[in-house]
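What follows is one structure encoded as structure tokens, with my remarks underneath.
The values are calculated or read from the model by the stated rules, or taken from the named source; none is laboratory data. Because the structure is a prediction, the values reported are computed rather than measured. Cβ sites come from the backbone with ideal geometry, for glycine too, and all protein chains shown count toward neighbours.
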Amino acid sequence: MIHGSCKQTLVGNAREIPPEGSEAFPCEGYDERLGDRPGRVVPWHWHGEFEAIVVVEGTMSLSLPGRGLEVASGEAACVNLGVMHACVGAPECHIRDVVFSRSLVEGLPGSVFSSRYVGPVVGDPAFEAAVLRPGTEAASRGIADIAGAVDAMEREGPGFELEVRSLLSDLFLALALVRGPSDGRAVRASADEERARAMCAFVAEHYAEAIQASDIAGAAGIGEREALRCFRRMLDVAPSSYLLRYRLERAAELLAADGRPSVSEVARRIGFSSPSNFSQQFRRLFGRSPREYRGEARGERANVDLSRAARSPYSSSKAPV
């Protein structure tokens, strides 16, 4: 199966493979629409899996530390292990995404698959991400491999795991053919990036508490001014703005979830002492009140569930292949 959104399990702000993934088949697929609405943004994060994204419609803005990449319809992006990144529609886009462990395609340590194809890509300290654009045979091949892998996971036909592994293996051959020379970054994880990771991890762990900019800076062992410069260089945002956006995105998740928590309860859970201030900030960022958003999100979820049920050839009780 594939998921309708890249929901994140945040541990130090790192996205982990959800429970549906397993050591036996460490791979997950996603189909979602990104935009500037709450819940439609993939925030800054990193993870120990390789990620490959095909843009089906619209344009996706892929943010990396200190730079950004635009990925248009029909193009794809690959993000290396451990690289901080964020995704948003520009202004809207539809993506199909696969996140998988290198072990799925690498084989045993020292194998030709590891030493010749997978290792040189994931082990290259200068390789953060690549955009595959149609125009060369190798790039077109890589785009088709990503789309085919997500399609196979959605169908869940007999032997789909073998099909997915074969396509993702072929993706690394395509990357070996299209990767250009180093962009000059001798070490991918720069000091700034390591500091940004530490501060983002601190926010993920303590966002519900009464933390200040000085607390965020202290997580990286630097002063507030240097923290501000670091955040702006790496993430193009101030620490206080990052914390506010993080809290409000978590609030959107709570509002859309089952259980019907009150607006006051949501405000408390995400670190606001004043429900009215929370509502004002939520409306300022998302253009709607928390109550309005909750109604929209639940109605949208119901429509999506009905749409999927109508087009799926499998029942919800389908046994695993």
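Going through 235, 255, 244 one at a time, which residue ends up being surrounded by 15 or more Cβ atoms within 10 Å (Cβ to Cβ), in the same structural domain as residue 283 (by TED's automatic domain parsing) and at pLDDT 95 or above?
After applying the criteria, what remains is 244.
Each row is one residue, and each column tells you yes or no for (1) outside any helix (DSSP H, G or I); (2) β-branched (Val, Ile, Thr); (3) in contact with a Pro (Cβ under 8 Å, 6 or more places away or on another chain); (4) under 25 Å from residue 48 (Cβ atoms).
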{"residue": "194", "(1), (2), (3), (4)": "no, no, no, yes"}
{"residue": "205", "(1), (2), (3), (4)": "no, no, no, yes"}
{"residue": "271", "(1), (2), (3), (4)": "yes, no, no, no"}
{"residue": "280", "(1), (2), (3), (4)": "no, no, no, no"}
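crowded, with 21+ Cβ neighbours inside 10 Å, under 30 Å from residue 31 (Cα atoms) and in the same structural domain as residue 84 (by TED's automatic domain parsing): which single residue out of 149, 196, 139 fits that description?
So the residue among 149, 196, 139 that is crowded, with 21+ Cβ neighbours inside 10 Å, under 30 Å from residue 31 (Cα atoms) and in the same structural domain as residue 84 (by TED's automatic domain parsing) is 149.
Return the pair list, or none, for Cβ contacts closer than 8 Å from residues in segment 267-284 that are more than 19 Å from residue 212 (Cα to Cα) to residues that are part of a loop (DSSP other than H, G, I, E, B) and not β-branched (Val, Ile, Thr), at least 6 apart or on different chains.
Close Cβ pairs satisfying both conditions: 279/289; 282/288; 282/289; 283/289.
Is it fair to say residue 161 is in contact (Cβ under 8 Å) with a residue 60 or more places away in the chain, assigned by TED's automatic domain parsing to the domain that holds residue 59 and either surrounded by fewer than 20 Cβ atoms within 10 Å (Cβ to Cβ) or in contact with a Gly (Cβ under 6 Å, 6 or more places away or on another chain) (or both)?
Values: in contact (Cβ under 8 Å) with a residue 60 or more places away in the chain: yes; assigned by TED's automatic domain parsing to the domain that holds residue 59: yes; either surrounded by fewer than 20 Cβ atoms within 10 Å (Cβ to Cβ) or in contact with a Gly (Cβ under 6 Å, 6 or more places away or on another chain) (or both): yes.
Judged against the criteria, residue 161 is a match.
Could you identify the single residue in 61, 73 that is among the hydroxyl-bearing types (Ser, Thr, Tyr), more than 22 Å from residue 152 (Cα to Cα) and without any contact (Cβ under 8 Å) to a residue 60 or more places away in the chain?
Sole residue among the options that is among the hydroxyl-bearing types (Ser, Thr, Tyr), more than 22 Å from residue 152 (Cα to Cα) and without any contact (Cβ under 8 Å) to a residue 60 or more places away in the chain: 61.
When you go through 256, 217, 227, 252 one by one, which is the residue that is of a type outside the set (Lys, Arg) and touching an Asp or Glu at 6+ places or on another chain (Cβ under 8 Å)?
217
If residue 288 passes every condition in (1) at pLDDT below 95; (2) surrounded by 15 or more Cβ atoms within 10 Å (Cβ to Cβ); (3) in a helix (DSSP H, G or I) but one, which one does it miss?
Of everything listed in (1) at pLDDT below 95; (2) surrounded by 15 or more Cβ atoms within 10 Å (Cβ to Cβ); (3) in a helix (DSSP H, G or I), residue 288 misses just condition (3).
Report yes if some residue within segment 54-66 is part of a loop (DSSP other than H, G, I, E, B) and either within 25 Å of residue 250 (Cα to Cα) or out of contact with any Asp or Glu (no Cβ under 6 Å at 6 or more places or on another chain) (or both); otherwise report no.
Checked segment 54-66: at least one residue is part of a loop (DSSP other than H, G, I, E, B) and either within 25 Å of residue 250 (Cα to Cα) or out of contact with any Asp or Glu (no Cβ under 6 Å at 6 or more places or on another chain) (or both).
If you scan segment 252-270, which residues turn out to be within 24 Å of the chain's Cα centre (by Cα) and of a type in the set (Gly, Ala, Ser)?
Listed by number, the residues that qualify are 252, 256, 257.
I'd like the residue in segment 37-80 that is modelled with pLDDT under 95 and on the phi > 0 side of the Ramachandran plot and, out of all such residues, is surrounded by the fewest Cβ atoms within 10 Å (Cβ to Cβ).
Among residues in segment 37-80 that are modelled with pLDDT under 95 and on the phi > 0 side of the Ramachandran plot, the one surrounded by the fewest Cβ atoms within 10 Å (Cβ to Cβ) is 66.
Scan segment 36-58 and report the pairs whose first residue is closer than 11 Å to residue 246 by Cα and whose second residue is in a strand (DSSP E or B) and hydroxyl-bearing (Ser, Thr, Tyr), with Cβ atoms within less than 8 Å and a gap of 6+ or a chain change.
Every condition considered, the pairs that remain are 44/63.
Taking only segment 143-183 into account, find how many residues are in a loop (DSSP other than H, G, I, E, B) and small (Gly, Ala, Ser).
Quick first cut of segment 143-183, residues in a loop (DSSP other than H, G, I, E, B) only: 156-159, 179-183.
Then keep just the ones that are small (Gly, Ala, Ser); that gives 157, 159, 180, 182.
Result for segment 143-183: 4.
Which numbered condition trips up residue 83, out of (1) among the β-branched types (Val, Ile, Thr); (2) surrounded by fewer than 22 Cβ atoms within 10 Å (Cβ to Cβ); (3) not in a loop (DSSP other than H, G, I, E, B)?
Status for residue 83: all satisfied but (3).
For segment 28-76, which residues satisfy the criterion of being among the small types (Gly, Ala, Ser) and farther than 23 Å from residue 196 by Cβ?
29, 35, 39, 52, 58, 72, 73, 74, 76
Residue by residue through segment 88-106, note down the ones that are more than 19 Å from residue 44 (Cα to Cα) and of a type in the set (Val, Ile, Thr).
105, the sole residue that qualifies.
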